[in-house]
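Notes for the one structure printed next.
The values are calculated or read from the model by the stated rules, or taken from the named source; none is laboratory data. From a predicted model like this one, the values you see are computed outputs, not experimental measurements. Note that each Cβ is placed from the backbone with ideal geometry, even for glycine, and that neighbours are counted across all protein chains shown.
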Amino acid sequence: MEVNLLIGVCKETAENETRVALSPEGAARLVDSGQNVLVESGAGSGSSYPDELYRESGAKIAKSDADVLSSCDMLLAVQSPSKERIESLKPGAILVSFIWPLQNKEYVDLLLKKKITALAMDTIPRISRAQSMDALSSMSNIAGYKAVLLGANHLDKYMPMMMTAAGTIPPAKVLVLGAGVAGLQAIATAKRLGAVVEAFDVRPVVKEQVESLGAKFVEIPVEEEETETKGGYAKELSERQQEKQREVTAQHVKKSDIVITTALIPGKPAPLLVTRDMVESMSPGSVIVDIAAEQGGNCEVTKPGETITHNGVVIVAPLNIPGSLAYHASKLYSKNMLSLLSLLIEDSKPNLNFEDEIIANATVTHNGEIISPFVKENS
């Protein structure tokens, strides 16, 4: 008799985490494909998904996380489950979540010790076949959008040009540093709000994308031939090149009403883009939104998780921006998760095909060993 997988979802326990790994719609798709789904009561409440929606999807509701952890074959999560939860998983269980293995080596050691098969949503390769699984891009898109709204909310000026009986008000000037997924969405959102937008990225290849959204690309001569990793991320520049970059950036930061910083380097602290001197050169009432705050921030005076005022300039450094739009963040993350599971599950059994580039890179640990080439190469 065929025994189908029991897929579990627990309520997230990380501070300020409101997302859930699987939406009711996603649960219905898994149930329709023959899987059993067990969801801890209240797991979706922070994303406006009540238990009743999960029941209607065909999932069962568990009273506690212990009921889920002790019985599930596969645990789906957003943030890395706590060490206590990992200890409670049964032998051979599969975990799928954000893990950030390069920053959390002790956590990886625990997964190895417990022989948990762990797939990281953050090590899925950025290739065309994996676009539907790219949770980093989904969450970055949300972060870029919300960053502009946060900037506009703290700015004591209009964003668009306003023509009134009392006179004409010029549009706000927005500078976006980093033109990855978050940066491009920030550009698009700021333009929709009527701002004049400039953007900079160390990768000259993104110039066309920036300009297609109606922003001006700030050009800084880059000596390094390779400014992009194989995964499509910006590479860390030499100190000399970084200094040249900061000199040009300073001129544009000074005249901006809102600066949005988005630069991240996988496995490393966020690079310094906006120095204290640059902040102090800005006009009082200007705003910096540092969405790289979770990795230390791109601004020298950033205090992660806080909104402060330095020399009249407001510095906003939110943590877990996607969690502030939990309904859609969870819906998108769930779809990313289901796309990965379509590769991972075959005939109601785990299909750990390490010949597949996606599965190989996503699988951080399996049977007490590190599998992911990405993790091996960068550890």
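Quick notes
- Residue check, residue 332 outside the structural domain of residue 252 (by TED's automatic domain parsing), over 15 Å from the mean Cα position of the chain (by Cα) and under 22 Å from residue 11 (Cα atoms): no
- Being surrounded by 23 or more Cβ atoms within 10 Å (Cβ to Cβ) and of a type outside the set (Phe, Trp, Tyr) holds for only one residue in 59, 28, and it is 59.
- Per this entry, residue 65 is counted among residues that are in contact with a Cys (Cβ under 7 Å, 6 or more places away or on another chain) and within 30 Å of residue 31 (Cα to Cα).
- Residue 250 closer than 16 Å to residue 178 by Cα, in the same structural domain as residue 215 (by TED's automatic domain parsing), in contact with a helix residue (DSSP H, G or I) (Cβ under 7 Å, 6 or more places away or on another chain) and surrounded by fewer than 16 Cβ atoms within 10 Å (Cβ to Cβ): yes
- Single match in 284, 318, 304 (criterion: within 29 Å of residue 131 (Cα to Cα) and not in a helix (DSSP H, G or I)): 318
- One residue from 45, 23, 33, 57 being over 16 Å from residue 73 (Cβ atoms) and more than 22 Å from the chain's Cα centre (by Cα): 57
- Members of the range 190-211 found to be surrounded by 23 or more Cβ atoms within 10 Å (Cβ to Cβ) and at pLDDT 95 or above, listed by number: 190, 195, 197, 199
So that you can scan it fast, the table gives a plain yes or no per residue for (1) farther than 30 Å from residue 304 by Cβ; (2) free of Cβ contacts under 8 Å to residues at least 60 places away in the same chain; (3) touching a strand residue (DSSP E or B) at 6+ places or on another chain (Cβ under 9 Å); (4) surrounded by 15 or more Cβ atoms within 10 Å (Cβ to Cβ):
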residue: 5; (1), (2), (3), (4): yes, no, yes, yes
residue: 9; (1), (2), (3), (4): no, no, yes, yes
residue: 18; (1), (2), (3), (4): no, no, no, yes
residue: 32; (1), (2), (3), (4): yes, yes, no, no
residue: 41; (1), (2), (3), (4): yes, yes, yes, yes
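- So residue 38, is it assigned to a helix (DSSP H, G or I) and farther than 14 Å from residue 333 by Cβ: no
- For the range 101-146, taking the residues that are assigned to a loop (DSSP other than H, G, I, E, B) and without any contact (Cβ under 8 Å) to a residue 60 or more places away in the chain, the one that is farthest from residue 181 (Cα to Cα) is identified as 104.
- Condition check for residue 214: on the phi > 0 side of the Ramachandran plot and at pLDDT 95 or above: yes
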